[in-house]
Structures are given as structure tokens and as C-alpha cells.
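**Student:** Sharing a structure with you now.
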Amino acid sequence: MKKIFVVIVSVLLISGVLLAGCVNNDDKDMDKPPQTLPEEEPTDFPDQPSTPSEPDENSDTSPQEILEGIAYYEFDVPMEDFEAIDLTGQKVKLSDYKGKIVFLNFWGTWCPPCRGEMPHMEEFYKEYKEKEVVLLAVSPTSVELRGGNDAEEAEKRVRDFIESNGYTFPVLLDKDDEAWAIYQQSGVPANYIIDREGIIRYLKIGAFSGKEEMELFVKAIEAMQN
């Protein structure tokens, strides 16, 4: 399946580690040119991490003002559907959640930034799961195994990690890399934020700094659609 959201991002390197997240060095497609680039430059990649300011809820704050200080790409692209399996064995489609705001996260158990953002994701999930906001953490087999294709081994690693940490947010197993073939980036974590109409609005490459940052993306989507 055609990869329609591949983005090559130039960011600062510190001690050979990509700031945006973990690079999957065994990804055979990493050296290919991007097939679709965002129409605009990334909104902000500050030299130093910054703490987003809380917008005034009583003012007509624009989405850009709400997200000031956060590094992200802005899109206006319809989501492409895929099917994956959750940890209970149920089939799940991305389109099942149309009508809700969706945080679509791609990750690997071996990735420190992925592991680092998961407590924030769990906190966010518990607060927003009854507010028409969905969090889906997708684990592609080739990402988990860094180029491997043993779906059973990948599932075992993911299950062990999720259960040992007590996370309760939905985790999807992308056993045949169907979802990753569509939404692949050069590293993980990669976080897409999709609005209630099924339009991809934002891509954050790298980990969320906290629950508060995730909440700002919700507020930006709501400001855009009000």
C-alpha cells in the first residue's frame, strides 16, 4: 500500500540520537524520498524544549496560538482507513472512531521516548475516554522487531510490556504492517491527531511532553471546528 504521509524531518542531533524519537535503523524504506510532503514548513521546532502556555478559554484563541511553542506539522488530509487487532483479539478499524477526536500513536517497546510518553498517554486516556476522544497506540510488527516479521514474537513483547506497566489505553497490533504502510515515518513515536470528520489535522513527530500538551491538541481541534 502506498505510503502517503512519509515525512523526512531535519532536526538537531545530540550525541548521534535523533531528537524527534527513535530511528528504526532496519527500515528498508528509510532512504527513499518522501512521496508526500506537508504543504507548509513545520510550525515550530524550537532550539530548546518549551512549556506551552495555557490559552485563555474565554478568548477567541486560534489553533496556532493554542499550539504555540510545540513542534508539529499541520495537515488537511482525509485519514486512510486500516484494520488491526486489539489485545483482546477484536478487529478494529480506524473508521470505527469517526465522529471522535483520535490520537493515533505509533510506537515500539524498545524506544525510550515511546516508553517515556506512555504514562502521560495513560493519564490522558483515563481523563478523556468518556469525552469523545480516542487514543490508539499502534504497534507495527516491523517496528517492534526493528525489521523483523514474526508477528507472534512482536505480540508477545507488546503484551508483556503493556501488562507489566498496567497500561489500560487501547493497543492495536499491526501484524502485517497495514497501518504502518500508510502512516510510516522515519522513526517513532509518531503521533497523528485526527478530527471528528476524519481529517488528519496534526502530526507530532516525537513524544508528547505531558498530558497538558495532548490537551492542547484537543483544544486546537475544537477551536478549529467551533
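**Student:** Being within 22 Å of ASP81 (Cβ to Cβ), at pLDDT below 95, polar (S, T, N, Q) and assigned to a helix (DSSP H, G or I), is that true of even one residue in region 203-225?
**Tutor:** yes
**Student:** Looking at region 154-172, is at least one residue part of a strand (DSSP E or B), within 18 Å of the chain's Cα centre (by Cα) and touching a residue at least 24 places away in the same chain (Cβ under 8 Å)? Give the steps one after another, and end with the answer.
**Tutor:** Residues of region 154-172 that are part of a strand (DSSP E or B), as a first pass: 171-172.
The next check asks that each one be within 18 Å of the chain's Cα centre (by Cα); those that pass are 171-172.
Next, from what is left, pick out any that are touching a residue at least 24 places away in the same chain (Cβ under 8 Å): 171-172.
Scanning region 154-172, I find at least one residue that is part of a strand (DSSP E or B), within 18 Å of the chain's Cα centre (by Cα) and touching a residue at least 24 places away in the same chain (Cβ under 8 Å), so the answer is yes.
**Student:** In this structure, is PHE161 surrounded by 18 or more Cβ atoms within 10 Å (Cβ to Cβ), within 30 Å of GLN64 (Cα to Cα), aromatic (Phe, Trp, Tyr) and in contact with a helix residue (DSSP H, G or I) (Cβ under 9 Å, 6 or more places away or on another chain)?
**Tutor:** Working: surrounded by 18 or more Cβ atoms within 10 Å (Cβ to Cβ): yes; within 30 Å of GLN64 (Cα to Cα): no; aromatic (Phe, Trp, Tyr): yes; in contact with a helix residue (DSSP H, G or I) (Cβ under 9 Å, 6 or more places away or on another chain): yes.
Considered against the rule, which asks whether it is surrounded by 18 or more Cβ atoms within 10 Å (Cβ to Cβ), within 30 Å of GLN64 (Cα to Cα), aromatic (Phe, Trp, Tyr) and in contact with a helix residue (DSSP H, G or I) (Cβ under 9 Å, 6 or more places away or on another chain), PHE161 comes out as no.
**Student:** Quick check on PRO119: is it over 25 Å from GLU74 (Cα atoms) and not acidic (Asp, Glu)? Give the steps one after another, and end with the answer.
**Tutor:** Values: over 25 Å from GLU74 (Cα atoms): yes; not acidic (Asp, Glu): yes.
Criteria met by PRO119.
**Student:** Ok, one more. Need the failing condition index for GLU197 against (1) farther than 15 Å from LEU136 by Cα; (2) free of Cβ contacts under 8 Å to residues at least 60 places away in the same chain; (3) not small (Gly, Ala, Ser), just the number.
**Tutor:** (2)
**Student:** Still on this structure, I have one more. Is region 175-188 home to any residue that is out of contact with any Phe, Trp or Tyr (no Cβ under 9 Å at 6 or more places or on another chain) and not in a loop (DSSP other than H, G, I, E, B)? Outline the logic, then answer.
**Tutor:** First pass over region 175-188, keeping only residues out of contact with any Phe, Trp or Tyr (no Cβ under 9 Å at 6 or more places or on another chain): 175-177, 186-187.
With not in a loop (DSSP other than H, G, I, E, B) added as a condition, the list becomes 187.
Yes, some residue in region 175-188 is out of contact with any Phe, Trp or Tyr (no Cβ under 9 Å at 6 or more places or on another chain) and not in a loop (DSSP other than H, G, I, E, B).
**Student:** Also, I was wondering about something else. Taking the condition of being in contact (Cβ under 8 Å) with a residue 40 or more places away in the chain and in contact with a helix residue (DSSP H, G or I) (Cβ under 9 Å, 6 or more places away or on another chain), how many residues in region 70-88 meet it? Show your work before the answer.
**Tutor:** The initial filter retains those residues of region 70-88 that are in contact (Cβ under 8 Å) with a residue 40 or more places away in the chain, namely 70-80, 82-87.
Those still in the list that are in contact with a helix residue (DSSP H, G or I) (Cβ under 9 Å, 6 or more places away or on another chain) too: 70, 72, 74, 79-80, 82-85, 87.
Summing the residues that are in contact (Cβ under 8 Å) with a residue 40 or more places away in the chain and in contact with a helix residue (DSSP H, G or I) (Cβ under 9 Å, 6 or more places away or on another chain) in region 70-88 gives 10.
**Student:** For ALA207, all conditions in the list (1) over 24 Å from THR88 (Cα atoms); (2) out of contact with any Asp or Glu (no Cβ under 7 Å at 6 or more places or on another chain); (3) among the aliphatic types (A, V, I, L, M) hold save one; what is the number of the exception?
**Tutor:** (2)
**Student:** Shifting gears a bit: Is it true that LYS91 is surrounded by fewer than 23 Cβ atoms within 10 Å (Cβ to Cβ), free of Cβ contacts under 8 Å to residues at least 60 places away in the same chain and of a type in the set (D, E, K, R)?
**Tutor:** On the way: surrounded by fewer than 23 Cβ atoms within 10 Å (Cβ to Cβ): yes; free of Cβ contacts under 8 Å to residues at least 60 places away in the same chain: yes; of a type in the set (D, E, K, R): yes.
So LYS91 passes the test.
**Student:** Next up: For residues that are touching a residue at least 40 places away in the same chain (Cβ under 8 Å) and buried (at least 22 other Cβ atoms within 10 Å of the Cβ), scanning just region 137-149, find the one that is nearest to GLY99 (Cα to Cα).
**Tutor:** Among residues in region 137-149 that are touching a residue at least 40 places away in the same chain (Cβ under 8 Å) and buried (at least 22 other Cβ atoms within 10 Å of the Cβ), the one nearest to GLY99 (Cα to Cα) is VAL138.
**Student:** Do you know which of the residues in region 64-90 that are among the polar types (S, T, N, Q) and part of a loop (DSSP other than H, G, I, E, B) is farthest from ARG196 (Cα to Cα)?
**Tutor:** The initial filter retains those residues of region 64-90 that are among the polar types (S, T, N, Q), namely 64, 88, 90.
Now drop any that are not part of a loop (DSSP other than H, G, I, E, B), which leaves 88, 90.
Numbers: THR88: 26, GLN90: 23 Å.
My answer is THR88.
The values are calculated or read from the model by the stated rules, or taken from the named source; none is laboratory data. Predicted, not measured: the structure shown is a model, and the values here were computed from it. Glycine gets a Cβ as well: all are built from the backbone with ideal geometry, and neighbour counts include every protein chain shown.
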